[in-house]
Amino acid sequence: MVQCVRKSRLVKKMLSWIPACTLFIGVSLSASPLRDALAMIETGASSPVAGGPDHVVGGSGEISRFQIMPRVWKAYTKSKNHTNPEVAWTVTRRILADRVSAFEKSTGRPPEPIELYLLWNKPGHFEGVGYRLEKVSRAYRARAQRFHNLYQTMGGGPVTKPSLVEDPDVVSAH
């Protein structure tokens, strides 16, 4: 089903070069709302195909379309190919799987999408407040809410650890 979707101010700002109406045909090319929403919120990547967003280096030195700190990248892979979206996604899934496991161990439940973004973008802060959303900094919570809204708009559902590691290319945690 093709439908015209009015984009939020966030998406308009991030993707101002895309026409006002975007065609959604079932699922994205990458078929992963989580992958797409993370890439879009972190670097504005709107396609699973390699491009400019894969070369973005964040203010603290973050690399890849998913904005991973270099020391974290090195802890999960020996690859230096952070500009390859597939390699970056595999590393991202490994990182998220570990963080989701820690969250589940502490809380006894899987994270909601808003919490998943906090596990991704502000893991130390989120853990430091006991994984309690109401204790998270207002600015961090607002950004996580924007991710949540984008993820839901893209058709994202509940996130569980198995959905993060079902990729056959992910053979080990590190």
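The values are calculated or read from the model by the stated rules, or taken from the named source; none is laboratory data. Keep in mind the model is a prediction, meaning the values are calculated, not measured. As a convention, Cβ positions derive from the backbone with ideal geometry for all residues, glycine included, and neighbour counts pool all protein chains shown.
Computed quantities for the displayed model
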item: Residue in segment 82-100 that is surrounded by 14 or more Cβ atoms within 10 Å (Cβ to Cβ), polar (S, T, N, Q), without any contact (Cβ under 8 Å) to a residue 40 or more places away in the chain and farther than 20 Å from Gly156 by Cβ present; result: yes
item: Residues satisfying the stated conditions in segment 60-72, i.e. in a loop (DSSP other than H, G, I, E, B), without any contact (Cβ under 8 Å) to a residue 12 or more places away in the chain and touching a Gly at 6+ places or on another chain (Cβ under 8 Å); result: Met69
item: Options Val87, Val57; residue that is part of a helix (DSSP H, G or I) and either at pLDDT 95 or above or over 17 Å from Asn121 (Cα atoms) (or both); result: Val87
item: Verdict on Ala75 being within 24 Å of Gly156 (Cα to Cα), surrounded by fewer than 17 Cβ atoms within 10 Å (Cβ to Cβ), more than 12 Å from the chain's Cα centre (by Cα) and among the hydrophobic types (A, V, I, L, M, F, W, C); result: no
item: Residues of segment 132-153 that turn out to be aliphatic (A, V, I, L, M) and surrounded by fewer than 19 Cβ atoms within 10 Å (Cβ to Cβ), as a count; result: 3
item: Per-region count, segment 101-125, residues outside any loop (DSSP other than H, G, I, E, B) and in contact (Cβ under 8 Å) with a residue 12 or more places away in the chain; result: 17
item: Complete set of residues in segment 136-146 that are in contact with a Phe, Trp or Tyr (Cβ under 9 Å, 6 or more places away or on another chain) and closer than 15 Å to Pro123 by Cα; result: Val136, Tyr140, Arg143, Ala144
item: Search result, residues across segment 9-54 that are under 18 Å from the mean Cα position of the chain (by Cα), at pLDDT below 50 and not in a helix (DSSP H, G or I); result: Leu15, Val27, Ser28, Leu29
